[in-house]
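The next block holds one structure in the form of structure tokens; read it before the comments.
Nothing in this text is a laboratory measurement; each read-out follows from the coordinates by a stated rule. Given the structure is predicted, the values throughout are model-derived calculations rather than measurements. With ideal geometry, Cβ positions are generated from the backbone for all residues, glycine too; neighbour counts draw on all protein chains shown.
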Amino acid sequence: MADQNKIIVETKGTVAVLDIKGDVTGASEPFFSEAYHHPDADGTGKLLLKFDGEAYINSGGIAVLIQLLAEAKRNRQRVCITGLSAHFKKVFHMVGITRFADIFPSVEEALKEMG
Amino acid sequence: MSKMDLASGYLFKGLGKEQLKRISEHTGEIEVKPGHEICREGESAASIFLLCRGAVELITSVNDHIELPVSIMREPGAMFGSSALIEPHVYTLTAKCQSSGSILHIDRLGLQNIMSGDDHCGSVIMKNLAAYFLARLKETRQELKIHFKTLLRSFRA
């Protein structure tokens, strides 16, 4: 798990942005858990997941995202996503992730809408 | 990558030059374009594949409407379709090209004949195959655990 992912958490206004580097797989679970519970993300009402456009997200990675979305829903947090390739926008729509998280083409547009 | 670069495939690690040469006699090369489907989940598996150039995505079908991404292969030497070597000789994943490239296809029956006539070759390939499937099993268990934890939390909430 040494360098599976690097997730930088920063606050932009009222939104906690999780900047996710690397491919997302089942091995990404501890990285997402740590980022979700980061002081800048913990307790915030809005989360923006920013993916690397080149990132590959497999079924294990989708399981990790569903886990995060389920926890965010329990905590009444809004989650938005940006940085996805056209391929993964299609995959996220197909598996139903878009019912729980809106997808935006850029950080700026997401932040403007999440305001 | 030439046919003799078969040595870069995980399945053939530990084989000698002569053994690789015999396998290369049952190997062909195809050029592929984005969207090209190399093999389909559930279909009879006649070949094993080795990526020379490009990128290939492996996917599995959940139902008629949902396909899950399993992995992407971008490194030359990556192999797929190895379920061809195990009964009932059926592909367990669909492989689709994500970019232009070339792929080696190794005839399953030809390879099995070599393995039957050369105990060392057969043993090395099956050992490599077992290690690969064990790694896949670990990944699948990890994924199952994540779903299980999500379900448990949702029931407790």
Phi-based couplings in Hz for the stretch B:31-38 (Karplus 6.51, -1.76, 1.60; Gly and Pro marked x) = 8, 10, 10, x, x, 5, 8, 7
task = Any chance you could check the Cα centroid distance between the stretch A:70-113 and the stretch B:68-91 for me, in angstrom?
result = 30 Å
query = Each residue of the stretch B:145-154 in order: what ³J(HN,Hα) in whole Hz does its phi give by Karplus 6.51 cos²θ - 1.76 cosθ + 1.60, θ = phi - 60°, with x for Gly and Pro?
reply = 4, 5, 4, 4, 5, 4, 5, 4, 4, 5
task = Excluding residues fewer than 8 places away in the same chain, name every one of the lysines whose C-alpha is closer than 18 Å to that of A:Lys12.
result = A:Lys46, A:Lys50, A:Lys112
query = Which net charge results for the neighbourhood of A:Thr11, defined as the other residues with beta-carbon distances under 11 angstrom from its beta-carbon, given Lys and Arg at +1 and Asp and Glu at -1?
reply = 0
task = Work out, in µm²/s and without decimals, the Stokes-Einstein translational diffusion coefficient of the stretch B:34-157 at 20 °C, 1.002 mPa s, Rh from Kirkwood over C-alpha pairs.
result = 133 µm²/s
Trypsin sites (Lys or Arg not before Pro) restricted to DSSP loop in the stretch A:47-91 with at most 11 other C-beta within 10 Å = A:Arg76
task = May I ask you to list the lysines whose Cα is less than 21 Å away from that of B:Lys96, ignoring any residue fewer than eight positions away on the same chain?
result = A:Lys89, A:Lys90, B:Lys33
remark   = Once the in-chain neighbours fewer than 8 apart are removed, the aspartates and glutamates whose Cα is under 16 Å from A:Lys21 read A:Asp3, A:Glu10, A:Glu29, A:Glu34, A:Asp52, A:Glu54
request  = Using just the helices of chain B, give the 222 nm mean residue ellipticity in deg cm²/dmol: DSSP H runs with n ≥ 4 each add -39,500 (n - 2.57), and the total is spread over all residues, rounded to 500.
outcome  = -12000 deg cm²/dmol
ask   = If you add up the charges near B:Thr94, with Lys and Arg at +1 and Asp and Glu at -1, over every other residue whose beta carbon is less than 13 angstrom from its beta carbon, what do you get?
value = -3
ask   = In degrees between 0 and 90, to the nearest 10, how far off the longest principal axis of chain B does helix B:108-117 point, with axes built from Cα atoms?
value = 60 degrees
key: Net charge, B:Val32 excluded, C-beta distance under 13 Å - Lys, Arg +1, Asp, Glu -1   = -1
task = Could you calculate, for the stretch A:57-112, the ratio of the Cα radius of gyration to the Kirkwood radius, expressed as Rg to Rh?
result = 0.95
